[in-house]
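Derivation of every value follows stated rules applied to the coordinates shown; laboratory data play no part. Computed from a predicted model, the values in this text were never measured in an experiment. Positions of Cβ are backbone-derived with ideal geometry, glycine not excepted, and every protein chain shown enters the neighbour counts.
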Amino acid sequence: DAVVEQFGRVDILVNSAGTAFRSPAEDYPEEKLDLILDLNLKGVYLCCQAFGKRMLAQGSGSIINIASIGGFIAYPWSSAYVAAKHGVVGATKVMALEWRDRGVRVNGIGPTLMDSPLTKNAAQTTSLTADWIKSRMLRPRLGKPRELIGAAIFLASDASSYVTGILLP
């Protein structure tokens, strides 16, 4: 409501919040599970729902969900994170399907380890999770946040007016 009140409409939503906690699945603390699922999946879903209603009412809009490479693959000690990011991928595809003929596009980006506050320290240390991911990366360095800008601009712009339900790994 505040966005529409200030700007008159809402055209683009980028969902980019997330957090992680590493633990073997059998020992994963329930409070950490709730935190990860609430922020990484439920937060994305509820923002898509709220902004999506506004976009559907105006007949246009672009939603871009920042998932993770964890939405496409599995890696150790990350069961809640990977489950949440797989959920983001699935929700993105379903919303794209449901809203495809109503003017709202829903897409996503699934970055690998990025030079961000969430992953920088984990990626620079030796751990089962970070080592597993780093050993499979095609580039031998962390991604830079600015390297996601082009994909986000493309998905937000009319250049991708025919694109919906796509997740760029």
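When the chain is modelled as a GNM with alpha-carbon springs shorter than 10 Å, which of VAL82, VAL104, VAL14 fluctuates the most?
VAL14
Amide H neighbours of GLY110 under 5 Å, counting only residues 5+ apart in sequence or on other chains, H built in-plane at 1.01 Å?
Long-range HN contacts for GLY110: ALA67, LEU168.
What relative contact order, as a whole-number percentage, does the chain give when Cα pairs under 8 Å and 6 or more residues apart are counted?
25
Would you please put 109-117, 2-10 in order of how densely packed they are, using the mean number of other Cβ atoms within 10 angstrom per residue and starting with the highest?
109-117, 2-10
Where does region 25-65 land on Rg(C-alpha)/(2.2 N^0.38 Å)?
Taking N as the residue count of region 25-65, the ratio is 1.62.
Could you compute the FRET efficiency for SER157 and ALA50, with r as their C-beta to C-beta distance and R0 at 25 Å, rounded to 0.05?
About 0.65, to the nearest 0.05.
Roughly how big is the chain's charge dipole about its Cα centre, with Cβ charges of +1 (Lys, Arg) and -1 (Asp, Glu), in debye to the nearest 20?
540
Quick one: angle between helix 43-58 and the longest Cα principal axis of the chain, in degrees between 0 and 90, rounded to 10, please.
Helix 43-58 sits roughly 10 degrees off the main axis of the chain.
Quote the Stokes-Einstein diffusion coefficient, in whole µm² s⁻¹, for region 1-112, based on the Kirkwood radius over alpha carbon pairs, a temperature of 25 °C and a viscosity of 0.890 mPa s.
Translational diffusion coefficient: 168 µm²/s.
Report the label-to-label distance for PHE7 and SER60 in nanometres (one decimal), using points 7 Å from each Cα along the Cα→Cβ vector.
Placing both labels 7 Å along Cα→Cβ, they lie 1.4 nm apart.
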